[in-house]
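Working notes for the structure below.
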Amino acid sequence: MGKRGMISAPAGNAKRLGAALCLLAGLAGAGAALAATTIYTCTDPSGKKHTSDRLIRECALRDHRVLNPDGTVRRVITPPLTGEERAAQEARESEATAERTAQLDAMRRDRSLAQRFPDEAAHNKARAAALDDVHKAVALSEKRLATLAIERKPLLAEAEFYQGKPLPAKLKQDLDANDASTDAQRSLIQNQQAEEVRINALFDAELARLKRLWAGAPPGSMGVLPGASAPPATPRKAAAK
């Protein structure tokens, strides 16, 4: 073989080149016994193809194809990765693992969804049950508001006697407490109305997904169900104040 000169490497690849040369030296020593029957081939950074009976220094940072005497590939020797390349490879592997996990989770959720709701009637029944709790909470708050309105009438009637004058401390305290309780119940009603919208949106998304599953779509083929990790919350009971 002709004499080969060492190729120059960018400063950023200096450590990698050193590691690659060490690897080549070690592999060359380990494979000395096979040198007579082993053929190494590679293409250097300039595009030139090299063939030798030993590892090729010009391709220290390139893949080596190890050939059998009949020209078939026995194996491929790859150079060691740089820190950046290793980090990129780990990131790709992590992303691929996350995608596989998400796909399996979507398949599991779809199978569970189809098992829970074999038809639209079963799904409508579940929606009605979830909304029933919300409606009961709203009715409880509305009932409390009606009671507070009744309790407020005598307080307002009494306050008329003090027009232009400071209200007695007890009367003012009772009116303020009535106002606070009324505001709290109205806030509870607003929260429950927002919860009703959320529940309906979740059941609408589920129903659209179920219709495709009932029609034969493979589980997991539609991505992740929006809001799947947030099932309908149990409505908070309106506290009596």
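Quick notes
- As a calculated quantity, the FRET efficiency between THR43 and ALA208 at R0 = 45 Å, using C-beta atoms, amounts to about 0.25.
- Relative contact order %, the stretch 54-147, counting alpha carbon pairs below 8 Å whose residues are six or more apart: 12
- Over all other residues within a Cβ to Cβ distance under 14 Å of LYS211, the charged ones net out to -3, with Lys and Arg as +1 and Asp and Glu as -1.
- Net charge of Cβ neighbours under 14 Å - reference ILE39; Lys, Arg +1; Asp, Glu -1: +3
- Counting only aspartates and glutamates at least 8 places from LYS211 when in the same chain, those with an alpha carbon closer than 12 Å to its own are ASP110, ASP119, GLU120.
- Normalised by the number of residues in the stretch 101-214, the average gap of Cα pairs under 8 Å and 6 or more apart makes the relative contact order 48 percent.
- Cα-projected label distance for ARG116 with ARG100, points at 7 Å along beta-carbon direction, nm: 2.8
- Within-9-Å neighbourhood charge of VAL134 [Cβ basis; K, R +1; D, E -1]: -3
Each reported figure results from applying straightforward, stated rules to the coordinates on display, with no laboratory input. For clarity, every value in this text was computed on a predicted model and none was experimentally measured. Heads up, the Cβs are rebuilt from the backbone with ideal geometry, glycines too, and the neighbour counts pull from every protein chain shown.
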